[in-house]
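Heads up, the thing below is written out as structure tokens.
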Amino acid sequence: MRVLHISYGSPMIELCKALRSKGIQAVSCHFDEHPYKFNPDICLKLNSFPKKEREAKIQQFFQESRNKYDIFHFHFGETFFPDKRDLEILKLAGKKMVMHHHGSDIRLLSIARKNNPYVIVKPEWTESKINHNLSILSNYIDHAIVQDHELEGYIRNSYKHVHVIPHTINVDQFKPEYPQVKNSPPLVVHAPSSRNIKGTEFILNAVRQLKDSGLSFEFKLIEGSSNEEAMKIFAKADIIIDQLRIGASGYISSEAMALGKPVICFIREDLAAKYPDSPIVNATPDTIASVLGNLLKVPEQWSVLGKKGRAYIEQHHGVDKVVDQYVDIYNKL
């Protein structure tokens, strides 16, 4: 079984490594170089070529891939070509396909606002664009995957089969460094991929408010760093703040918990029951100052939360717990 994953970012790379450990010939491919310097199996570096040359290269890669792979695992609502003309070609060729949605590519504001007053969406992903995209994708693809129940609701009625599979985390790559009670000021870290979407302004305001009140701590905002550099800072952190608008935890939360760190993130009230043993400390844009302040005042709890987080990742996100779910889907295509 030869599977090509087309996307960008770290999660897909780790997923392909996990699939290979199960005997699946999975290959990760990025069309463009990623600013965080991720290392997929294939990177076409299309961003370094002029438009016509880019189009020629992707056409050539598509022709090669069509003959080489059995299953095409797409991500973020994208395929080889913007107009999705490749889908019909692949289907006629008897190829199997699955779409993996990750967030903004399906988050419909009209639905999200029903349960979340804080949520915002990326302006380029309008509802008309999302709905049009889904109508094309679901016409050729029966199986879709999302990583949490927040996303499931947006496409439940679009595809024949929607699967909720948590992020895949190779826990062996994360050596836990549980926070210790110490004399020096604690380090709080936040690493937004998008300030607006993640609610960074509320975190910055909370940090200023708490420091003005006399609370002693260091705060580090990670932006523009490589994944390797970010992980080094995460390892030194005492508390990591993920996101405050979306209403669900992201990959940052999973990596932070794998490192044994307490995590603050906004989890929608109606979704909390879906994760009954999650140790994530819940905070909204309205409560982040008080939640962070209270957590900073109980350093003896940081290690407790960190150990619970590590155990949670091992139980729900570990390679052996997750990857078989992908294999099962591939076998059903």
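Quick notes on this structure:
- Subset of segment 226-244 that is of a type outside the set (D, E, K, R) and open to solvent by 30 Å² or more (accessible area, probe 1.4 Å) - its residue that is farthest from His190 (Cα to Cα): Asn227
- Residues within segment 195-225 that are free of Cβ contacts under 8 Å to residues at least 60 places away in the same chain, hydrophobic (A, V, I, L, M, F, W, C) and within 23 Å of Ala258 (Cα to Cα), tallied: 3
- Residue in segment 266-288 that is modelled with pLDDT of 95 or more, open to solvent by less than 20 Å² (accessible area, probe 1.4 Å) and among the polar types (S, T, N, Q) present: no
- Considering residues of segment 226-256 that are touching a residue at least 12 places away in the same chain (Cβ under 8 Å) and among the acidic types (Asp, Glu) only, the residue nearest to Val121 (Cα to Cα): Asp242
The values are calculated or read from the model by the stated rules, or taken from the named source; none is laboratory data. These numbers come from a predicted model, not from an experiment. As a convention, Cβ positions derive from the backbone with ideal geometry for all residues, glycine included, and neighbour counts pool all protein chains shown. For the accessible areas, the whole protein counts, side chains as well, though only heavy atoms, and no ligand, DNA or RNA atoms are used. Shrake-Rupley method; radii C 1.70, N 1.55, O 1.52, S 1.80 Å.
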